[in-house]
Each structure stands twice: as structure tokens, then as C-alpha cells.
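Participant: Okay, here's the structure, questions in a sec.
Each reported figure results from applying straightforward, stated rules to the coordinates on display, with no laboratory input. Model, not experiment: these values are computed from the prediction. Here the Cβ is made from the backbone with ideal geometry for all residues, glycine too, and neighbour counts use every protein chain on show.
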Amino acid sequence: MSNVAYMPGHKPESVPAETPRGPQLEHGYVRISHEVMRALGRARLRGSEYPIVLFVIDETWGWHVKHKVLTTNYIATGLEIPPSKVSTAVAELIRRGILYRVGDSQGPLGFNKHHDQWKTKSSATKRVKRQNPESEMIHHNGERIVSDNGEQVVHQNRESNKDRKDRKDITPLSDQSDETNLGELETLFDQFWEAGLRKDGKKPAKEKFIALLKSMDTPAEFTERLIDDIKIRLSAGVPGFDRLHPKTYLNQQRWEDDLPERCPHAAIIDAWNAELPAHIEKVCIDDWTPEGNGFHSLSVAWENFKTKPRASTGRPVFTEEAAGIEFYREVFRRLAKVDRIQHEESARWCRLSWAVKQDETIRIYKGELA
């Protein structure tokens, strides 16, 4: 409006401000069919599930990709809901087939548009406030209330109280308990216990684990997520993770932490075997396990080199995996040219587990190893 010219004496006292136009398509939009939108309406999504589905669609279809890495914390921040609710809702949406995950528990998320493949929501146990505890019971598998006060109440399978009493293939309601469900949770705990964390404090860890799973809609899937998370962090050599108590892992909800940088151990071992002289011990990837000090040293150094800026340049040593592998290959080339390495006796101390310690790697690269 500032470029508009007015005749003398005709200039208005003030120029009205432009009215905000609001959200516009040119700022970004998501194409989604009416069929899918109506299917979502019929899906009976609960709590945070619907906004999470829309969030995933926006982050994937909105950017013309089928799936994308979306961490729990990222979704929680974007929707302003607790991470624990995001974790539970995503697990249920994956169980129902509305969302899918590529790879392990930290893989990319995507939305399944084939709504005919979606499963119905899980049937949680119905809880009804009892007016007369002596005359009413709640069936443990979620069937309707059974009353003995003379009123004929029908179960979901259309059987009355009398019909159930006459059947021989079911346990009387008065004898039923949560023992079967508890046994399943204990089996899941045994799987969690063998995932690789320090085997200490089994009883308190078991109590915490079972209490946590009782709040989950899909305990088995959540257990699988924890196991995958533990294995990933152990293989990445997260400092101190191999000494972490299982109960501490559960109390601190460590599965919500951002995943560490994954170190390409196999490629670095290949570089070592190729660049060092024949008399230097070669390394087999099968022997290079998270239990070894060398594995841990390499994992920590890799993450530091890739993520922490150097004082001299303000940038990390490398930021891409390929560049990192080439960096280590160059380190091994320079090590192979050191005079001491040419002698047979160097095989006694020149080991990969020594060379990948961060301080030693820097010394080798700078040519400070005499």
C-alpha cells in the first residue's frame, strides 16, 4: 500500500491494515482420500491415538514419503502430550495395523492406508461400579456383570448365569483369578531379563516390570520394544549401559532416550584387516562383541568423533558414516607406516582394541606415535 499515489487533498487519514488470511494451501497441505478419512472416523480411535495418526500422516504424506523416523519425544513435543501416552498409543496403533513400523522398534513409522487390514481395538476388561458387592461379580475376561440377585443378565456370548453354571468346560466365576494373566506377564519378564542388562535385583525388577505391563494394552509388543531397545544400546556401546540395573532402566524409562549413533564395527574391522601388515593380528567380527573393551572403546570414540565439534574447527571429525569409515581407514594406513609396526614384536601390543581408544586414534592420526 506504500506505493499508492493520491491526488492532493484526497489522501486518506489512515490506511486500513490487511486482514490476516489464515492458513493457506501454499504453506503446505496433505492429500488424503475421503475413503481413508471416513475409515478413520469409523476406527473408534481412543485418547491420543487419533492426533498421533494425523501427525504421522502429516509428517509422511505431507512430505511425499511413505514412512519416516519419528521418535516418541518428537511426537510428544509436536502434539504436547506425555511421551508415555505416545508410546502406549503407537504400540496399539501398530497392533491394529493402522500404523506400521519398518525394521526394529526404533524404525520409521508409516500410515497404512489399506483400512480393510485394520484390526478392531483391543478389548480391555470392563470396570463397573458395584452397588452390592455380594450379589455382583465382574468376569475377568471382560464379559458383562453377572448378577445373582434374581435378575437374568446375559453374557456377551448370549449365555445366562444358569447356562454357565451347567457347563463343565469353564471354571466357575468364584474360582477364577488373574493367575493365567500373571503367568503370561512372568513369561514376558523372563524374556526381558535375558535381553542383556546386568542380572542384579531380579525380584524388584520383576515387580516393577509386571506393574508397568499391567498398564499396557499390548504387553507382549511393549516387551519386544524394550528388548530391541536394550540390544541396540548394548551393541552401540552406550557408556555404562552394560552395568545398568534392570529396575533402574524401567524406573528411568530409558527406552525413551534418543538412540546413540550406531557404529559400523564390521566396516572398521574390514579396514583394519586390509591396511595393517600381515603379522598384525586380524580381527573376526564374530569375536568383536559388546562384552569386549575394544567394542566399547570404538563405540564411544565413534559417537564423539561424529557428534562433538573439535576446538580447532568447531566441527566434528566427520558427520556421515562413509566419511567416518574412511577416517578410520586413513588412521590405520598411517599406523601401518610407523617404523615400530614393521617389526614382528609389534604384534604383541598392536591390537585393534588399543588403536580404537580415542586418545590413541588421535595420536596415530596426528603422527605422534613414534
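Participant: Ordered by packing density, taken as the mean number of other Cβ atoms within 10 Å over each peptide's residues, highest first, how do 213-223, 311-321, 82-92, 108-118 rank?
Facilitator: In decreasing order of mean packing, 213-223, 311-321, 82-92, 108-118 become 82-92, 213-223, 108-118, 311-321.
Participant: Placing +1 on the Cβ of each Lys and Arg and -1 on the Cβ of each Asp and Glu in segment 24-122, which of 63, 107, 24 has its Cα farthest towards the positive end of the resulting dipole?
Facilitator: Farthest towards the positive end: 107.
Participant: Given H placed on each backbone N at 1.01 Å, which residues far from residue 70 in sequence or on other chains put an amide H within less than 5 Å of it?
Facilitator: Hits under the 5 Å cutoff: 109.
Participant: How fast does segment 317-370 diffuse by Stokes-Einstein, in µm²/s, taking the Kirkwood radius from C-alpha pairs at 37 °C and 0.692 mPa s?
Facilitator: Numbers: Rh = 11.7 Å.
Reported coefficient: 281 µm²/s.
Participant: What does the highest-first list of 51-59, 29-37 look like by mean Cβ count within 10 Å?
Facilitator: Ranked from most to least packed, the peptides come out as 51-59, 29-37.
Participant: In addition: On each of the three principal axes of the Cα atoms of segment 201-314, give max minus min coordinate, whole Å, ordered largest first.
Facilitator: Sorted largest first, the three principal extents are 57, 36, 24 Å.
Participant: Separate question: Can you tell me the dipole magnitude for segment 274-326 around its Cα centre, using point charges on the Cβ only (Lys, Arg +1; Asp, Glu -1), in Debye to the nearest 20?
Facilitator: With only Lys, Arg, Asp and Glu charged at Cβ, the dipole is about 420 debye.
Participant: Right, next: Evaluate Rg over Rh across segment 264-339, taking Cα atoms for both radii and Kirkwood's formula for Rh. Show your work: numbers first, answer last.
Facilitator: On the way: Rg = 13.2 Å, Rh = 13.4 Å.
When Rh is taken as the Kirkwood radius, the ratio is 0.99.
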